[in-house]
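See structure below.
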Amino acid sequence: MENQYLNFPVTIYSNLTPISPVMSVARCRIFYKGLNRNGSYITDEFADKLIKTLPYVPIKGIYEKDEEDFTDHGEARDEGRIYGIVPESNNFAWEQHLDKDGVTRTYACTDVYLYTALYEEAKKIPNKGESMEIFPPSIQGSWQIKEGQKAFVYDDGCFLGLQVLGDNTEPCFEGSAFFSLYTDMKKLMEALEKAQTFTNKKEDTIIMDKLNFKLSDAQKEDALWTLLNPNYNQEGNWSIECGICAVYDNYAVVRQYETGTYTRVYYTKNDSDNTVTIDKQEKCFIVDVNADELSALEALQAIKGTYSATLDEIKTIQANYEQLQNTQKEEKENFDAKISELTEQNSTLETEKDNFSAKVDSLTEENQALTTEVEALRSYKLDAEDKMKKSILAKYTEQLGEDVIAEFAQKLNDYSVEDLKKELAYTLVGDNPETFSKKDTPHVPKEPELNGLEVVLEKYKK
């Protein structure tokens with residue numbers, strides 16, 4: 001994309017108003033919407049996107065002390081100084097301005113802060129020409145016909161900077177009072193100065209080496225478009241007869257607007273004299289095909305290297321293609337059947353899993369209930385045994401001393417009912433052997449009678 005579509009002249013206007021000892025504020029008139037004289041077109045949508053990128057955009061410039069004026073963009077975008085910025089709160093507004101051609105246009109306007117204490121030349125910026133620079137990697141758009149002219153219509157982009165320019169300018173946006181024609185003319189003059197010249201003394205004329213400007217692809221398309229639309233001028237009432245759909249190495253596909261037909265335009269690009277020559281034209285066809293038909297055509301092109309083939313070849317290719325489609329269809333059906341079978345198996349397994357989970361839950365609940373019941377019986381059994389042990393111990397109170405009884409009472413949980421009986425009897429015999437002499441009938445405490453529950457517990461005492 002050429003530089004004129006990246007840079008747009010603007011104007012900083014109004015008197016400087018100090019906002020601090022080192023900084024002053026001014027207004028900047030930047031651009032208006034629609035078609036402008038550098039061949040680009042700004043839509044409402046793109047204008048809104050561009051305005052959102054205004055905050056903190058730098059005010060740049062290259063100042064020549066000898067000339068006492070600013071110059072241009074320079075060879076690189078990083079030359080010169082930053083003389084200020086667009087603030088975040090910039091009082092943006094759309095303002096009307098009466099341009100020198102007598103037309104009132106609505107411009108995008110913003111406040112700018114200038115470092116007037118840091119750089120003396122910053123005070124000269126108001127009413128100087130200034131070019132808005134758009135960041136090239138951010139640019140998106142296309143060539144379209146707008147208001148009867150071919151123009152580059154922006155879709156997206158963001159500000160790179162506002163470049164202060166000198167007085168040798170001609171406006172693109174009329175109210176901005178300048179245009180980059182000066183920059184382009186200066187580059188051309190520099191190229192001419194670098195060209196080798198010599199004087200032919202005999203004829204007293206100056207002969208220059210021929211300058212070669214190699215055509216870019218964009219220029220090639222422009223040249224073809226100009227040749228194909230010879231009436232695109234004032235005399236021809238700016239009539240456009242055709243548009244270029246695509247450009248290839250040696251031909252372009254062109255649509256005739258009047259007939260709606262398409263043409264292949266074969267051309268030769270002459271870099272030596274910066275021209276394009278149309279060699280011949282032939283009618284071509286834009287075929288409406290679906291995805292399958294396009295695949296068949298591409299297969300034909302891959303086999304033959306062209307879309308042309310004999311009828312037999314076409315039938316053979318078509319048969320092979322149909323066979324391939326049938327094979328793919330059969331494989332897909334088999335695959336779908338297998339998927340269906342596996343889905344059914346998975347459903348069955350899921351059902352079995354759910355049933356098993358329900359069975360596990362039921363058994364878990366049953367086990368918990370039995371555990372609770374067993375714990376209750378165990379607690380009841382222990383309580384009954386404790387009462388039985390205390391009852392047995394109480395029967396030996398008269399035969400054994402209080403100390404012995406107290407010792408047995410402390411260890412009561414260490415004995416079963418049967419063991420407690422044995423230990424008490426053994427202790428009684430040891431402490432009172434005469435109790436079991438032949439002279440007297442031994443006095444053994446009578447076993448307490450057991451009630452029904454004690455009889456049941458007696459069975460489980462071991």
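The values are calculated or read from the model by the stated rules, or taken from the named source; none is laboratory data. Keep in mind that what you see is a predicted model, and the values were worked out from it rather than measured. FYI the Cβ positions are ideal-geometry reconstructions off the backbone, even for glycines, and counts take in every protein chain you see.
Scanning the range 39-56 for residues that are part of a loop (DSSP other than H, G, I, E, B) and surrounded by 21 or more Cβ atoms within 10 Å (Cβ to Cβ) yields a single hit, L54. Of everything listed in (1) more than 18 Å from Y119 (Cβ to Cβ); (2) modelled with pLDDT of 90 or more, the single unmet condition for P58 is (1).
D354 meets the conditions (1) of a type in the set (D, E); (2) modelled with pLDDT of 85 or more; (3) over 60 Å from the mean Cα position of the chain (by Cα) in every case but one. The failed one is (3). Would you point out the residue of the range 62-89, among those that are modelled with pLDDT under 90 and under 11 Å from G161 (Cβ atoms), that is surrounded by the fewest Cβ atoms within 10 Å (Cβ to Cβ)? Out of the qualifying residues, it is D78. The criterion of being surrounded by 10 or more Cβ atoms within 10 Å (Cβ to Cβ) and touching a residue at least 40 places away in the same chain (Cβ under 8 Å) does not hold for D279. Residue check: is I139 of a type in the set (A, V, I, L, M) and surrounded by fewer than 21 Cβ atoms within 10 Å (Cβ to Cβ)? For I139, the condition - of a type in the set (A, V, I, L, M) and surrounded by fewer than 21 Cβ atoms within 10 Å (Cβ to Cβ) - is met.
Taking L400, is it in the same structural domain as V429 (by TED's automatic domain parsing), of a type in the set (A, V, I, L, M, F, W, C), outside any helix (DSSP H, G or I) and surrounded by 11 or more Cβ atoms within 10 Å (Cβ to Cβ)? Judged against the criteria, L400 is a match.
With respect to the conditions (1) within 42 Å of the chain's Cα centre (by Cα); (2) in contact (Cβ under 8 Å) with a residue 12 or more places away in the chain, Q318 lacks only one, and its number is (1). The residue of the range 146-188 that is surrounded by the most Cβ atoms within 10 Å (Cβ to Cβ), among those that are in contact with a Ser or Thr (Cβ under 7 Å, 6 or more places away or on another chain), among the aliphatic types (A, V, I, L, M) and at pLDDT 50 or above, is L165.
Answer yes if at least one residue in the range 15-33 is within 31 Å of the chain's Cα centre (by Cα) and over 25 Å from G166 (Cβ atoms), and no otherwise. Yes, some residue in the range 15-33 is within 31 Å of the chain's Cα centre (by Cα) and over 25 Å from G166 (Cβ atoms).
For the subset of the range 93-117 comprising residues that are among the small types (G, A, S) and within 39 Å of the chain's Cα centre (by Cα), which member is surrounded by the most Cβ atoms within 10 Å (Cβ to Cβ)?
So the residue we want is A108.
Could we say that D271 is within 21 Å of K220 (Cα to Cα), among the acidic types (D, E) and surrounded by fewer than 11 Cβ atoms within 10 Å (Cβ to Cβ) here? Considered against the rule, which asks whether it is within 21 Å of K220 (Cα to Cα), among the acidic types (D, E) and surrounded by fewer than 11 Cβ atoms within 10 Å (Cβ to Cβ), D271 comes out as no.
Does L382 qualify as being touching a residue at least 24 places away in the same chain (Cβ under 8 Å), over 30 Å from A299 (Cα atoms) and surrounded by 10 or more Cβ atoms within 10 Å (Cβ to Cβ)?
no
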